[in-house]
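Asks: There's a structure below that I have some questions on.
The values are calculated or read from the model by the stated rules, or taken from the named source; none is laboratory data. No experiment lies behind these values; they were computed from the predicted model shown. Cβ atoms come from the backbone with ideal geometry, glycine included; neighbour counts cover every protein chain shown.
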Amino acid sequence: MSHFGVVAPAYYSHFHALQALAQELMQRGHRVTFFHQADAARWVTAPGIGYCVLGAASHPPGSLQRSLRLAASPGTPWGLRQIIEQLAATTRMFCNELPAALEQHGVDALLCDQMEAGGGLVAESLGLPFVSIACALPVNREPGLPLPVMPFAYGTDERSLHMYRGSTQVYDWLMKPHARAIQDAAKALGLAPRSALHECLSPLAQISQTLAGFDFPRQAAPAHLHAVGPLRNASTTAQGSWPIDPHRPFIFASLGTLQGQRLGMFEQIAKACRQLDAQLLIAHCGLLDAAAEKRLCALGATWVTDFAPQQWALEHADAVVTHGGLNTVMDAIASATPMLVMPIAFDQPGVAARVRHHGLGLQLHRRARSPRIAQTLREVLDLSTQPFARLSGELSSAGGTLKAADIVETAINTRQPVLAGALA
């Protein structure tokens, strides 16, 4: 049996997905240890999973909350620059401290989130087998496709291709601080030169939480890229207790675990649902207080809560208003729930573009006001659920956590690339 180390960015949704995979591997007899700063340990809740604290000096206790606040609301170009500097600092932390920690804990394989270059760099330098996990949209680049963080529609015309190339150049310019961190680490670790996330991925297996049919059409996907769908624990879906009136539209609204503090967005959504005489359940993921909850109810929300059983809510909802987090979108596909996507940051604009491309919903700017939201929600409520049929079928057969664990075990045991379809 193997001892797996887990390396990921310090975001709840990424830890949650990787913890589900860790639990499945543990049930198969393996050991799993997460490596990161002290503050992120609270997200590792499953019994038996180890946790090793890194960054005592560079990422001391209490520092994560500031980073999360900035990531949720960068606000200005200076704020965005700070986020990039923080990403660079975390990669440096991993590359400086992870090698000794892996040796100390006897780790013999790594599970590396695609969004953190440090895991792949260190694994390669130590000769450890590793598997890359895309908890967000895959970072794998391909000519003719926009980067996953870009909001562009899919197109093959020269104007679209020119826009994709130009936006990639702008992105790489903005990411220079992170590129320097990767370049410096590769040199210090004795690796071939590189400067970007997509150059730090596993040659054995790459696993994506999305679906091939949801992504834009890829012409050159890596042969060892596996789209398995969401990484979740196998459990009975929790039930909600809200008394939904079947004779009125029911809207579910969630902005995820990082953005749920955006009271202004929720206010506009609540006002819009009042205009539609629609029932609205808001889940803010514990990021609003009781006064904010009361205000939202006064403006038009029917129910406001910290957490709601998301799959239950989506199965009952006539539409969902979402920031475009990949987990929520995959759940909406599973329940064939049309979406109004209001992307905020990270890969959410790219997720929204794919929702539009496949006819799964519509998109608005995050600063849209209630009249526009109400108008667009009317259109979303009228959308056909037919486009969901193909993707729902693909999702149900993608394999999820069990398939991901099979891929990981095969990659680590054979030390050979695991080709897509080889384990079907």
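Asks: Just name the residue that is nearest to the chain's Cα centre (by Cα) out of those in region 203-234 that are small (Gly, Ala, Ser) and assigned to a loop (DSSP other than H, G, I, E, B).
Replies: Among them, the one singled out is Gly229.
Asks: Still on this model: Would you check which residues across region 32-89 are polar (S, T, N, Q) and out of contact with any strand residue (DSSP E or B) (no Cβ under 8 Å at 6 or more places or on another chain) and list them?
Replies: Correct list: Thr45, Ser58, Ser63, Gln65, Ser67, Ser73, Thr76, Gln82, Gln86.
Asks: Any idea which of Gly350, Gly324, Gly400 is in contact with a Leu (Cβ under 6 Å, 6 or more places away or on another chain) and within 30 Å of Ala420 (Cβ to Cβ)?
Replies: None of the others qualify; the one that does is Gly350.
Asks: Cβ-Cβ distance below 6 Å, separation of 6 or more or different chains: which pairs start in region 42-66 with a residue that is within 23 Å of Pro99 (Cα to Cα) and among the β-branched types (Val, Ile, Thr) and end on one that is at pLDDT 95 or above and not in a loop (DSSP other than H, G, I, E, B)?
Replies: Val44/Phe34; Val44/Tyr51; Ile49/Ala22; Ile49/Val32; Val53/Ala38
Asks: Before we move on, is Ala298 among the small types (Gly, Ala, Ser) and touching a helix residue (DSSP H, G or I) at 6+ places or on another chain (Cβ under 7 Å)?
Replies: When the stated conditions are applied, Ala298 does not pass them.
Asks: Next question. Determine which single condition Arg248 fails, assuming it passes every other condition in (1) surrounded by 18 or more Cβ atoms within 10 Å (Cβ to Cβ); (2) among the charged types (D, E, K, R); (3) touching a strand residue (DSSP E or B) at 6+ places or on another chain (Cβ under 6 Å).
Replies: (1)
Asks: Looking only at region 288-309, count how many residues are among the hydrophobic types (A, V, I, L, M, F, W, C), crowded, with 18+ Cβ neighbours inside 10 Å and assigned to a loop (DSSP other than H, G, I, E, B).
Replies: Residues meeting the conditions: 3.
Asks: Still on this model: Identify, please: which residue in region 246-269 is among the hydrophobic types (A, V, I, L, M, F, W, C) and touching a residue at least 60 places away in the same chain (Cβ under 8 Å) and is, among those, farthest from Gln65 (Cα to Cα)?
Replies: Phe250
Quick grid of which residues meet (1) under 30 Å from Met265 (Cβ atoms); (2) under 25 Å from the mean Cα position of the chain (by Cα); (3) of a type in the set (Lys, Arg); (4) outside the structural domain of Val131 (by TED's automatic domain parsing):
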| site | (1), (2), (3), (4) |
| --- | --- |
| Arg369 | yes, no, yes, yes |
| Gln375 | yes, no, no, yes |
| Arg378 | yes, no, yes, yes |
| Asp382 | yes, no, no, yes |
| Thr385 | yes, yes, no, yes |
| Arg390 | no, yes, yes, yes |
| Lys403 | no, yes, yes, no |
| Glu409 | no, yes, no, no |
| Ala420 | no, yes, no, yes |
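Asks: May I pose another question? Specify which of the listed residues (Asp157, Asp184) is over 19 Å from Gly350 (Cα atoms), of a type outside the set (Lys, Arg), more than 25 Å from the chain's Cα centre (by Cα) and surrounded by fewer than 17 Cβ atoms within 10 Å (Cβ to Cβ).
Replies: Asp184
Asks: Is one or more of the residues making up region 291-301 in contact (Cβ under 8 Å) with a residue 60 or more places away in the chain and not aliphatic (A, V, I, L, M)?
Replies: Within region 291-301 (the criterion being in contact (Cβ under 8 Å) with a residue 60 or more places away in the chain and not aliphatic (A, V, I, L, M)), the answer is no, since none of the residues qualifies.
Per-residue answers, yes or no, for (1) under 15 Å from Leu121 (Cα atoms); (2) hydroxyl-bearing (Ser, Thr, Tyr); (3) touching a Lys or Arg at 6+ places or on another chain (Cβ under 9 Å):
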site	(1), (2), (3)
Arg165	no, no, no
Trp173	no, no, no
Leu189	yes, no, no
Gly213	no, no, yes
Ala220	no, no, no
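Asks: Any residue that is more than 28 Å from the chain's Cα centre (by Cα), in the same structural domain as Gln311 (by TED's automatic domain parsing) and under 18 Å from Leu364 (Cα atoms) - is there at least one of those in region 280-295?
Replies: Within region 280-295, none of the residues are more than 28 Å from the chain's Cα centre (by Cα), in the same structural domain as Gln311 (by TED's automatic domain parsing) and under 18 Å from Leu364 (Cα atoms).
Asks: Among Pro143, Pro138, Pro129, Pro177, which is the only one that is modelled with pLDDT under 95 and under 25 Å from the mean Cα position of the chain (by Cα)?
Replies: Of the residues listed, the single one that is modelled with pLDDT under 95 and under 25 Å from the mean Cα position of the chain (by Cα) is Pro143.
Asks: Based on this model, can you work out whether Glu142 counts as surrounded by 15 or more Cβ atoms within 10 Å (Cβ to Cβ), assigned by TED's automatic domain parsing to the domain that holds Ala89 and closer than 24 Å to Lys187 by Cβ?
Replies: The answer is no for Glu142.
Asks: Where in region 310-424 are the strands (runs of 3 or more DSSP E), entirely inside, with at least 2 residues that are modelled with pLDDT under 95, among the small types (Gly, Ala, Ser) and more than 16 Å from Gly256 (Cβ to Cβ)?
Replies: none
Asks: Where the second residue is among the charged types (D, E, K, R) and the first is without any contact (Cβ under 8 Å) to a residue 60 or more places away in the chain and lies in region 121-139, which pairs have Cβ atoms under 7 Å and are six or more apart or on separate chains?
Replies: Matching pairs, first to second residue: Leu128/Asp108.
Asks: Another question, then. Of the conditions (1) on the phi < 0 side of the Ramachandran plot; (2) surrounded by 19 or more Cβ atoms within 10 Å (Cβ to Cβ); (3) within 19 Å of the chain's Cα centre (by Cα), Arg356 fails just one. Which one is it?
Replies: Unmet for Arg356, out of (1) on the phi < 0 side of the Ramachandran plot; (2) surrounded by 19 or more Cβ atoms within 10 Å (Cβ to Cβ); (3) within 19 Å of the chain's Cα centre (by Cα): (2).
Asks: Got a sec? Which of Ala72, Ala100, Ala22 is over 24 Å from Gln348 (Cβ atoms), among the hydrophobic types (A, V, I, L, M, F, W, C) and under 19 Å from the mean Cα position of the chain (by Cα)?
Replies: Matching residue, one of Ala72, Ala100, Ala22: Ala22.
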